[in-house]
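Worksheet for the structure shown next.
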Amino acid sequence: ALSLGAGLAVRLSAPTAVVVVLVLVAVLSLAPLLRAQGSFTPPAASYVCPWFPLIPWLSMALTLGLMVQLPVAAWWRLLVVTSLVLAGCEWREHSRKAEAGAEA
């Protein structure tokens with residue numbers, strides 16, 4: 001949520017100090033989460049993410065900050081395309097069930 005606030009602050013041309021403070025608070029708020037993770041020992045054959053879980057949390061925060069900076073038209077396009085894809089998948093599943101019911 002704080003990275004969202006930092007992204008909005010950048011988009012609304014807030015003073016640099018406000019953006020820096022919001023980003024610092026977002027990063028420092030991860031400390032309890034990192035401490036709560038405890039020690040995690042993955043299986044020997046699996047891939048280990050460096051500095052887990054810091055890197056994934058930072059990447060999610062940066063992604064949210066970038067998403068906030070997208071124009072409204074991009075969100076509308078995403079909504080329309082997602083709706084069309086989901087409707088197409090539903091239509092395909094419905095037609096498969098109808099074919100299976102007609103054959104039985």
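The values are calculated or read from the model by the stated rules, or taken from the named source; none is laboratory data. Treat the numbers as computed from the prediction; the structure is a model and nothing was measured. Because the Cβ atoms are built from the backbone with ideal geometry, glycine has one as well, and the counts that use them run over all protein chains shown. Ligands, DNA and RNA are excluded from the accessible area calculation, which covers all protein heavy atoms including side chains. Shrake-Rupley method; radii C 1.70, N 1.55, O 1.52, S 1.80 Å.
Okay, here's what the table says:
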| read-out | value |
| --- | --- |
| Neighbours by Cβ (under 6 Å, 6+ apart or cross-chain): first from region 10-27, closer than 19 Å to MET67 by Cα; second at pLDDT 70 or above and exposed (fewer than 15 other Cβ atoms within 10 Å of the Cβ) | ARG11/GLN69 |
| Flag if THR63 is modelled with pLDDT of 80 or more, among the hydroxyl-bearing types (Ser, Thr, Tyr) and closer than 20 Å to SER29 by Cα | yes |
| Index of the failed condition, GLY101 passing every other in (1) under 27 Å from VAL23 (Cα atoms); (2) open to solvent by less than 80 Å² (accessible area, probe 1.4 Å); (3) more than 17 Å from the chain's Cα centre (by Cα) | (1) |
